Amino acid sequence: MTVQDVVPTASVPDAEHASQWRLMWWAFRRHRLAMIGGTVVLIFYLIALFCEFLSPFSPNSTSARDVFHPPQMLRLFYKDENGDRAFGLNVQAMTQKRDPFTLQTTFVPDPDRRIFIAFMGRGEPYKLWGLIPLERRLFTAANPKERFFLLGADRLGRDMLSRILYGTRISMTIGLVGVALSLILGVSLGGISGYLGGKVDAIIQRFVELILALPTIPIWLGLSASLPQDWSPLTRYFAITAILSLVGWTELARVVRGRFLALRTEDFVIAARLDGASRRRVILRHMAPSMASHIIASVTLAIPLMIIAETSLSFLGLGLQPPLISWGVLLREAQNVQTISQAPWLFAPGAGVVLAVLALNFLGDGIRDAADPYAQGQSA
Amino acid sequence: MLLGYILRRILWSVPFFFAASLISFALIQAPPGDYVTSFAATLAASGDVIDQGRLEALRDRYGLDAPFIVQYWRWISGVLQGDFGISFEWQQPVSQLIWERMGLSLALAFGTLIFTWAVALPLGIYSAVRKYTLSDYALTTIGFVGLATPNFLIALVMMYIAVVYFGADVSGLFSQEYQVAPWSWGRFVDLLKHIWLPIAILGLSSTASLMRIMRANLLDELNKPYVTTARAKGLSEFRLLMKYPVRIALNPFVSTIGWAFPQLVSGAVITAFVLSLPTAGPLLLQALLAQDMYLAGAFILLLCCLSIVGMLVSDVLLALIDPRIRYR
């Protein structure tokens, strides 16, 4: 990303005394899109953390009356008995009508009936993080017998909004877990490759090239198709993340190796070595800090790839399986034209994917540009 | 010199092909139970009488009791002679099922590559020359959204728009009457009428990323002194641009086909499934879901080979336009 408001470095207070991390933060702050991206990412992870509390209903509670219920508009005001405008969150109720000839069901708004929404109301009981039993939800129907659908309902009458919020948890964490695995593989192999050089480096590099030459999706498909069918959803979740990172570590390995090679000849590293610092100290104390920022940047850019990969695999039915809810699993419902022309709101999880991936990309770009705070003068 | 480089490069790819075949075979072997058990299960499911002798003969033919290496050897020597084993789901030799689909896959990947280049190159140059203008921002935004949206999602949205607003079905590569017809001029024209949409969908994300790369490369070049010199000497802006900076900026561009091609091949799998194209992807998926592993393995092997060849071609192209690489 090159959109930066140019703030002259001279105006930055105390630039000579700031630590490297502080300089990076200043460089990052100037990157407006990255700041927005960072905020959005933060919100997504907060949603992932508190999805039980945020969702108005349980994601698995079905309702035969509300099959493919269309989205309802959130209203702030309503007309009370006297015909005056009164404040209160509500949606207009809809009733199901069946066409006598085609037997097709349609939902028509019911102007007389409103469903009121309670802030911090008592809803279906749930367990926060599977541990703390609670009843209060941020928003839920004031009357526990009623339901409302801000993003529509799926083919079993489940609330799409709640399902998407729950999907955020798995889709956003699968990126983190997968990247953590790739990080271990990438940093160790890239580090060995860059530090030892020579034959070892050549072998590891050929290996990386081979993996880069393979078409990832067929390999992913093949690997996940060969997972045993009877594994529990959780085991499958970890197996899928492992499969994703098996292919995803190469980019990190390349970055780490490249930095290692570049840093080896830097003055401060040579100085440290001439000072008699041990190999370990040179790597951990002197080289690692200036690599960390680059690694963080590549990690941030690797997460969206993982999210897209998981979404694709689950969409095809080879990734996560239904009791688990991820954006890909949800999009699987929107697979054929008949369904999506009847219920276009089933696309909504796709918006989640696009937003999350965009935000992570902007954030990663910002971090990458800030990773080398001393190079700012040249690029501007 | 160039010939020597190409030869060396081809030799280099031999271990790659070998590794790809090992991986494909490992995937064939990965599901629990061997081929004959699955075959017997399908026969039983369709109500056929299972002839133990026939099963034994099959087991013998594929050496299913032999160790991995022996089985691999039999499989790969068959593959080299064009025998990919039998698809138990289709009850046909795999080789009869794959070639037309692979051909269409190749056509699709190739078409997408050309589309990507034809669109990304001028747009990248344009947005570099008109840096920080409204059109640059617009292109950048489209580029980012294109990168962030999975191809299959775009395909779904396109299908939705086509059905709801135009009442048209955009899936498939052929019209009804040409679906099973033998190849003819009419069928080819029909293919061209259908293939543009999948190409545009598949090309979107790689176009977006190539556009970004082109823009960044060109921006680096445009600040260099030789550009100023040429401008001071009175060269017209267009000739100046095309003759020097673009040529140099093109260099990393070519090297990206190396990874663009595998990505195209692999990205096409899911999009083709959504659009139900008669290419390799949907059949591969079906084979994987049914654990029809010889068919799946053949596709995986061929797709891997396709991307290795793509990498090879890009390296050779790179050597053609940049003499420094040949002499290394």
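The values are calculated or read from the model by the stated rules, or taken from the named source; none is laboratory data. Not measured: the values here are computed from a predicted model. All Cβ positions, glycine included, derive from the backbone under ideal geometry; neighbour counts span all protein chains shown.
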> Of the residues that sit in the stretch B:124-142 and are part of a helix (DSSP H, G or I) and β-branched (Val, Ile, Thr), which one is farthest from the other protein chains (Cβ to nearest Cβ)?
Replying inline: B:125
>> Of the residues A:170, A:184, A:174, only one is in the same structural domain as residue A:301 (by TED's automatic domain parsing) and under 30 Å from residue A:115 (Cβ atoms); which?
In response: A:170
> Across the stretch B:14-28, which residue is farthest from residue B:321 (Cα to Cα) among those that are out of contact with any Gly (no Cβ under 6 Å at 6 or more places or on another chain) and buried (at least 18 other Cβ atoms within 10 Å of the Cβ)?
Replying inline: B:25
> Can you tell which of A:241, A:250, A:216 is in contact with a Leu (Cβ under 7 Å, 6 or more places away or on another chain), among the polar types (S, T, N, Q) and within 14 Å of chain B (Cβ to nearest Cβ)?
Replying inline: A:250
> Residues in the stretch B:92-107: is at least one surrounded by fewer than 18 Cβ atoms within 10 Å (Cβ to Cβ), more than 25 Å from the chain's Cα centre (by Cα) and in a helix (DSSP H, G or I)?
Replying inline: no
> Going by the structure shown, is residue A:191 within 25 Å of residue A:287 (Cβ to Cβ) and at pLDDT below 80?
Replying inline: yes
> Of all residues in the stretch B:282-322, how many are among the polar types (S, T, N, Q), surrounded by fewer than 24 Cβ atoms within 10 Å (Cβ to Cβ) and at the interface with chain A (Cβ under 9 Å from one of its Cβ atoms)?
Replying inline: 1
>> The conditions are (1) at negative phi; (2) surrounded by fewer than 22 Cβ atoms within 10 Å (Cβ to Cβ), and residue A:312 fails exactly one of them. Which is it?
In response: (2)
>> Can you find a residue that is in contact (Cβ under 8 Å) with a residue 60 or more places away in the chain, touching a strand residue (DSSP E or B) at 6+ places or on another chain (Cβ under 9 Å) and either closer than 16 Å to residue A:175 by Cβ or more than 11 Å from chain B (Cβ to nearest Cβ) (or both) anywhere in the stretch A:342-363?
In response: yes
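Sort through A:270, A:243 and tell me the only one that's within 23 Å of residue B:297 (Cβ to Cβ) and modelled with pLDDT of 80 or more.
Values: A:270 fails: within 23 Å of residue B:297 (Cβ to Cβ).
After applying the criteria, what remains is A:243.
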> Just for helices (runs of 4 or more DSSP H) wholly inside the stretch B:143-246: which have at least 3 residues that are away from chain A (no Cβ under 14 Å)?
Replying inline: B:185-222, B:225-232, B:237-243
> Picking from A:176, A:227, A:261, A:221, which residue would you name as being of a type in the set (A, V, I, L, M) and free of Cβ contacts under 8 Å to residues at least 40 places away in the same chain?
Replying inline: A:227
>> Of everything in the stretch A:319-341, what is within 22 Å of residue B:266 (Cβ to Cβ), surrounded by fewer than 21 Cβ atoms within 10 Å (Cβ to Cβ) and facing another protein chain (nearest Cβ under 9 Å)? Give them in sequence order.
In response: A:335
>> Out of the residues in the stretch A:193-213 meeting the condition of being in contact with a Lys or Arg (Cβ under 9 Å, 6 or more places away or on another chain) and either over 18 Å from residue B:263 (Cβ atoms) or free of Cβ contacts under 8 Å to residues at least 12 places away in the same chain (or both), tell me which one is farthest from the other protein chains (Cβ to nearest Cβ).
In response: A:195
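Condition first: buried (at least 16 other Cβ atoms within 10 Å of the Cβ) and more than 28 Å from residue B:217 (Cβ to Cβ). Can you find one or more residues in the stretch B:114-136 that meet it?
no
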